[in-house]
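Student: Attaching a single structure in C-alpha cells format; questions to follow.
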Amino acid sequence: MNAADPDAPVANVDQLHRLEQLRLRARADRQATSVPLFTFGAVTLFFALTEVLRQPSNVAHIGGLSPLALIWPAAFGFLAWYYRRQEARTGVGAGRGSYALMVLLPIAVLFVPFAWLLHFFLSSTGVAALGLLVMALLQRNWYLGISAVAYGVVMTLEAYFFLSYRLVDLGQEVGVVNDLFTDHATAVVLGLTGLGMVAAGLVAGRREARES
Amino acid sequence: MSADPVPPDCGDPAVSRLHEVVHQPARLGILTVLAETRRADWPYLKSVLGLTDGNLGRHLEVLAGEGFVKITKGYEGKRPRTWAEITTSGRKALASQIAAMKEIVERFEATKGK
C-alpha cells in the first residue's frame, strides 16, 4: 500500500480495524483479563470464608499484621507462574509488566521507609489492588484497570468496616438485624465483592473466548 | 530495503511519518501482536497472522534488521523453538505508525465532510 495513494485513508481505516482485531485476539489468547480477576475473586472469597470461621481473630498476628496478608504475594506468585506456564505451552507471551515483580510489592511496602503508610491507609488488599492497577495500566487493559480501582475502593472502605456498618444500618432499617447478621456483615461484604470479581472474570472470559 | 519514511517529499507531515518497513501489513501485524504479548513463538505468530514459514521468516528478518524485534532461537528438550520479542524502538515505531495512520484517516474524514 502506498501511503500517497488517494485511497490510502480508506486502506488505513481497514488496516487500523485489522490491527485492532489482531490486538484483541492476542489479548484474548493470553487470557490477560479473566485470570487475574478470577484470582482476586478467589482470594476474596477465601477472606470471606475465614471471616465466617473467625480465623483472623484466632491466629497470631505478626507485628500487628495478619498472616493472611501473605496471601497477596502468593496470589501474584500464582499469576506469574500461570502466565509463564501458558507462555511455554501456547507460545503467547505474558505482555508488559511482571506479576513476579508484583509479588514483592505487598512485601516491599512493609519494609521500604514510609511505604508502610501506603499499607496503613490502604490495607494489604488495597496495596494488592494497586499492584493489579499498575499491571492493567502497563498493559493498557482498561477493563482490568476499572475492576482493580473498584475492587481497591471497596476493599479499602471495608478495611475500616465502612460497608459492613452501612449494611448493618440497612438491616436495621428493614428490620432483619440479629446477632448473626451483625457478626457476619463483613463476611457478606467480602463474599459479595469476591463474587463480583468472579462475575467480572466470567464476563472477561466469555469475551476472550469469543475473540480468541 | 530502505528504512526511510515514505514518501519523503509528499509534503504531508502525517504521510511522511509513515515508515516504509513498518507500513507493510504483515509487519504491522507482527508488531501489533508482539506489542500486546511482548514475545511470541514462531507457530503462534504464523497461525495468528496466517503467514507461511517463508513469509514470516522474511518479515521477521526485516524487522530484526531494523532493531524492531529480537529473535531468540533455543531448544525446549529436543525441540527447537524460535521466539520473537518486540524492542523499545519497535514499540515506538508501531505507536508512531498508528498515530500517523489515524491522523491521515481523521484528516480524510474532515475533508470529506466539507
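Student: May I ask you to say which residue of A:A185, A:A159, A:A128, A:A100 is in contact (Cβ under 8 Å) with a residue 40 or more places away in the chain and either farther than 25 Å from A:R27 by Cα or among the small types (G, A, S) (or both)? Walk me through it before giving the result.
Tutor: Values: A:A185 fails: in contact (Cβ under 8 Å) with a residue 40 or more places away in the chain; A:A159 fails: in contact (Cβ under 8 Å) with a residue 40 or more places away in the chain; A:A100 fails: in contact (Cβ under 8 Å) with a residue 40 or more places away in the chain.
Exactly one of A:A185, A:A159, A:A128, A:A100 is in contact (Cβ under 8 Å) with a residue 40 or more places away in the chain and either farther than 25 Å from A:R27 by Cα or among the small types (G, A, S) (or both), namely A:A128.
Student: For the range B:61-72, state whether one or more residues are basic (K, R) and outside any helix (DSSP H, G or I). Give the derivation first.
Tutor: Quick first cut of the range B:61-72, residues basic (K, R) only: B:70.
Okay, now just the ones that are also outside any helix (DSSP H, G or I), so B:70.
Yes - at least one qualifying residue is present in the range B:61-72.
Student: Still on this structure, please answer the following. So for the range B:48-67 (the condition being facing chain A (nearest Cβ under 9 Å) and at negative phi), does at least one residue qualify? Show your work before the answer.
Tutor: If we filter the range B:48-67 for residues that are facing chain A (nearest Cβ under 9 Å), which is where we start, we get B:48-49.
If we keep only those that are at negative phi too, we end up with B:48-49.
Yes - at least one qualifying residue is present in the range B:48-67.
Student: Please return the ranges of helices (runs of 4 or more DSSP H) entirely within the range A:58-168 where 1 or more residues are among the hydrophobic types (A, V, I, L, M, F, W, C) and modelled with pLDDT of 90 or more.
Tutor: Details: elements: A:71-90, A:99-102, A:104-111, A:116-138, A:142-159.
Answer list for the range A:58-168: A:71-90, A:99-102, A:116-138, A:142-159.
One line per residue, one yes/no per condition, for (1) at the interface with another protein chain (Cβ under 10 Å from one of its Cβ atoms); (2) at pLDDT below 95; (3) in a helix (DSSP H, G or I):
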residue: A:A4; (1), (2), (3): yes, yes, no
residue: A:L37; (1), (2), (3): no, no, yes
residue: A:G41; (1), (2), (3): no, no, yes
residue: A:T50; (1), (2), (3): no, yes, yes
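Student: A:W81 fails exactly one of the following numbered conditions: (1) among the aromatic types (F, W, Y); (2) over 15 Å from the mean Cα position of the chain (by Cα); (3) more than 30 Å from B:W42 (Cα to Cα). What is the number of that condition?
Tutor: Failing condition for A:W81: (3).
Student: Can you tell me how many residues within the range A:78-101 are touching a strand residue (DSSP E or B) at 6+ places or on another chain (Cβ under 7 Å) and either farther than 21 Å from B:R81 by Cβ or more than 10 Å from chain B (Cβ to nearest Cβ) (or both)?
Tutor: Counting residues in the range A:78-101 that are touching a strand residue (DSSP E or B) at 6+ places or on another chain (Cβ under 7 Å) and either farther than 21 Å from B:R81 by Cβ or more than 10 Å from chain B (Cβ to nearest Cβ) (or both) gives 1.
Student: Is it true that A:Y151 is free of Cβ contacts under 8 Å to residues at least 60 places away in the same chain and either surrounded by fewer than 18 Cβ atoms within 10 Å (Cβ to Cβ) or in contact with a Phe, Trp or Tyr (Cβ under 8 Å, 6 or more places away or on another chain) (or both)?
Tutor: Details: free of Cβ contacts under 8 Å to residues at least 60 places away in the same chain: no; either surrounded by fewer than 18 Cβ atoms within 10 Å (Cβ to Cβ) or in contact with a Phe, Trp or Tyr (Cβ under 8 Å, 6 or more places away or on another chain) (or both): yes.
So A:Y151 fails the test.
The values are calculated or read from the model by the stated rules, or taken from the named source; none is laboratory data. Quick caveat, the model's predicted, so the values are computed rather than measured. A quick note on method: Cβ atoms are made from the backbone with ideal geometry, for glycine too, and the neighbour counts reach across all protein chains shown.
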